[in-house]
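Peer 1: Dropping a structure here in structure tokens format, bear with me for questions.
The values are calculated or read from the model by the stated rules, or taken from the named source; none is laboratory data. Being a predicted model, the structure only gives us computed values, none of them experimental. Note that we place each Cβ from the backbone using ideal geometry, even for glycine, and neighbour counts take in every protein chain shown.
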Amino acid sequence: MGALIIVIGLYLSILFFPYPWFPHHFEHAGFSVYSDDEIPADFEAILDDARRRMEAMELDRGDPPVRIFYCQSQRLFAFIVKAAGKRHVGQGLLISVAGNAFFSKSIIEVIGDRNRGRPKHTRLRGSVSAAIAHEVAHHLVFTEMGFEKARRIPAWKAEGYADYSANLAAIEADPDYDLRTRVDLLLDDGAWRSTTGSVDRRHFRWQLMVEYLSLVEGLGFADLMHEDVTEARTYAELMKWYSTSTEEIR
Ligand SMILES: [Zn+2]
């Protein structure tokens with residue numbers, strides 16, 4: 001029993017005290033970055049971009065963001081995902097209570113290479129700064145609502161809101177942003193077929209639903225999180241707006 005507790009403790013320590021596995025450290029733009037290997041030279045620009053994305057978020061109060069643990073070894077990242085008890089392996093992993101966020105260099109790169117930058121302003125582009133901003137957004141929601149409430153947010157809303165928040169700065173800076181064109185793309189089956197099967201467009205749909213609620217309907221965070229704002233109703237409203245309205249939105 002004692003031995004088991006020690007093994008579990010060792011497992012969990014990597015989530016709460018990962019420093020021994022991440023000896024390379026630097027600070028920039030208010031972020032603390034730790035890595036298992038030499039930190040790449042382009043990381044300053046990545047953090048500047050992550051900072052811009054963070055500052056555009058409604059919930060940003062200027063508090064220090066999560067600590068960034070950048071895994072260049074995929075085995076290390078896989079171990080951390082396992083230690084956290086997650087079955088789904090994504091680009092990043094947030095341990096909000098510890099204030100730690102872990103990122104996989106290779107998963108982000110594979111996604112970027114596969115989708116070649118499309119669609120714009122989404123997680124499918126495989127951008128390190130957007131992945132950082134995504135976990136920062138989740139962390140701000142946890143801080144704002146508290147753990148118990150935040151973990152009850154349905155997946156479409158939690159992920160849609162994090163992707164929307166992470167990409168809002170880029171959307172606002174893009175004169176060609178157009179939600180209707182994005183819905184065109186969502187509904188275009190051919191655009192989602194790839195040589196290796198089909199690309200999962202669920203997260204893109206969730207993000208567009210939150211873009212609609214925020215940018216068209218003008219809902220702020222508190223209204224958006226209201227339980228009356230359901231997935232089915234939001235999707236129906238988005239489709240109705242898409243098929244009837246011709247007004248320009250910005
Ligand atoms: Zn997420």
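Peer 1: Being within 15 Å of the ligand (Cβ to nearest atom) and part of a helix (DSSP H, G or I) is the requirement here; does Ala45 meet it?
Peer 2: no
Peer 1: Mind checking which residues of region 150-164 are hydroxyl-bearing (Ser, Thr, Tyr) and more than 11 Å from the ligand (Cβ to nearest atom)?
Peer 2: If the condition is that a residue be hydroxyl-bearing (Ser, Thr, Tyr) and more than 11 Å from the ligand (Cβ to nearest atom), then Tyr164 is the only one that fits.
Peer 1: Pairs please, first residue from region 78-99 and farther than 25 Å from Met145 by Cα, second anywhere and at pLDDT 90 or above and within 11 Å of the ligand (Cβ to nearest atom), Cβ atoms under 8 Å, 6+ apart in sequence or on different chains.
Peer 2: From region 78-99, the pairs are Ile80/Leu93.
Peer 1: I need the full set of residues from region 219-240 which are over 19 Å from Ala137 (Cα atoms) and not charged (D, E, K, R), in order please.
Peer 2: Val229, Thr230, Ala232, Thr234, Tyr235, Ala236, Leu238, Met239
Peer 1: Would you be able to tell me the number of residues in region 71-98 that are more than 16 Å from the ligand (Cβ to nearest atom) and touching a Ser or Thr at 6+ places or on another chain (Cβ under 7 Å)?
Peer 2: Here the count works out to 3.
Peer 1: Which residue out of Phe77, Phe26 is part of a strand (DSSP E or B) and not acidic (Asp, Glu)? Break it down into steps so the answer makes sense when it comes.
Peer 2: Numbers: Phe77 fails: part of a strand (DSSP E or B).
Step by step, each of Phe77, Phe26 is checked, and only Phe26 is part of a strand (DSSP E or B) and not acidic (Asp, Glu).
Peer 1: Working carefully through the options Ile107, Ile68, find the one that is away from the ligand (no atom under 12 Å from the Cβ) and either in a helix (DSSP H, G or I) or at pLDDT below 95 (or both).
Peer 2: When all the criteria are applied, what remains is Ile107.
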